Amino acid sequence: MSNITAVLPTDPSGYWAVYDKISSVQIDLNTAEKLWAAWYQYMQNDVLATGITSFVMHETVYFGRCLPWMIIDYIPYFQKYKIQQGHRNTLKEQLTCAALVLLQHFTVELPQIWMFHPLTQYFGISISTPFPSWQTIAYQVAIFFVCEDAWHYWFHRAFHWGPLYRGVHKLHHKYSAPFGLAAEFASPIEVMALGFGSVGIPIVWCALTGNLHVITMYIWIILRLFQAIDAHSGYEFPWSLHHFLPFWAGAEHHDVHHEKFVGNYASSFRWWDYMLGTETDQVIAKMQAKKAASKKAL
Ligand SMILES: [Zn+2]
Ligand SMILES: [Zn+2]
């Protein structure tokens, strides 16, 4: 924090002094709310406060969630749960992928993240305390999951159209046996188009309802990151969520998309692929039938 203090006009009394001051005045706030309020008060620059929180949160959650998946690659007990048996991604391959994702975070995401606070202000997304109730957070996060899944389905399906696949989406399909770190390994165009489902949908929600807090957005984005990384993990367990929630997609659903390159286009749920006949098995069966018919015609 000392480097930041040296270059930014932060509160000279220091973060914890600001926290103590807020704690003594706003006694109704819980600890998380006091920490939050003290951060904005201490920074004295809301654009930077939101920007730093957003970027640090993304990096911590992304790489923090990937780490356990990298570790279990080296624990023999878990190898029986690997979806594509016999396929092992080397550490070198995973670190190269991580370096490219990190480079993109710093060159593409970081410049854009400074727009996030002005956007929250323009669309009326709250940064104030107290936070919304957990019921409000829960129903809004559920809505974002359903809407993002629909957005992802259609855009991902469009990205499998020849020219878009070759020009944009092919990069994400570099790894036919995915691993956690590969979740955000994609062209910047794809990251922005699919990322709108994660960031743009809550903003549109707030523009329509006027009811959204940044903390709800952070909780949603953390859960969405968990979903994306777990879907690329390459592991399927007897305790995986889709065994209890049959419509949850999970790793089994997306892993086969990477293995076969077609079908299973949705992100969190299975209903779009099921209803529209685009589950991987169905797409492959249709392709084979088409091929057999054209052979017959010859
Ligand atoms: Zn794809
Ligand atoms: Zn993928």
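The values are calculated or read from the model by the stated rules, or taken from the named source; none is laboratory data. This is a predicted model, so every value here is computed, not measured. All Cβ positions, even for glycine, are placed from backbone atoms using ideal geometry, and neighbour counts span all protein chains on display.
A few points about this structure:
- Total residues in the range 112-128, condition in contact with a His (Cβ under 9 Å, 6 or more places away or on another chain), surrounded by 12 or more Cβ atoms within 10 Å (Cβ to Cβ) and polar (S, T, N, Q): 1
- Residues in the range 111-120 that are at pLDDT below 90, out of contact with any Ser or Thr (no Cβ under 7 Å at 6 or more places or on another chain) and in a helix (DSSP H, G or I): 111, 112.
- Only one of the listed residues (179, 131, 237) is among the hydrophobic types (A, V, I, L, M, F, W, C) and surrounded by fewer than 19 Cβ atoms within 10 Å (Cβ to Cβ). That residue is 237.
- Of residues in the range 260-281 being assigned to a helix (DSSP H, G or I) and modelled with pLDDT of 95 or more, the one nearest to ligand 1 (Cβ to nearest atom): 273
- Residue, surrounded by the fewest Cβ atoms within 10 Å (Cβ to Cβ), within the range 69-89, restricted to residues that are in contact (Cβ under 8 Å) with a residue 40 or more places away in the chain and in a helix (DSSP H, G or I): 78
- Filtered residue count, the range 242-262, keeping only those that are over 20 Å from residue 185 (Cα atoms) and either surrounded by fewer than 14 Cβ atoms within 10 Å (Cβ to Cβ) or within 11 Å of ligand 2 (Cβ to nearest atom) (or both): 5
- Helices (runs of 4 or more DSSP H) fully within the range 121-227 counting 3 or more residues that are under 22 Å from residue 270 (Cβ atoms) and more than 16 Å from ligand 2 (Cβ to nearest atom): 134-159
- The set of residues in the range 276-292 that are aliphatic (A, V, I, L, M) and either touching a helix residue (DSSP H, G or I) at 6+ places or on another chain (Cβ under 7 Å) or loosely packed, with under 10 Cβ neighbours inside 10 Å (or both) contains only 284.
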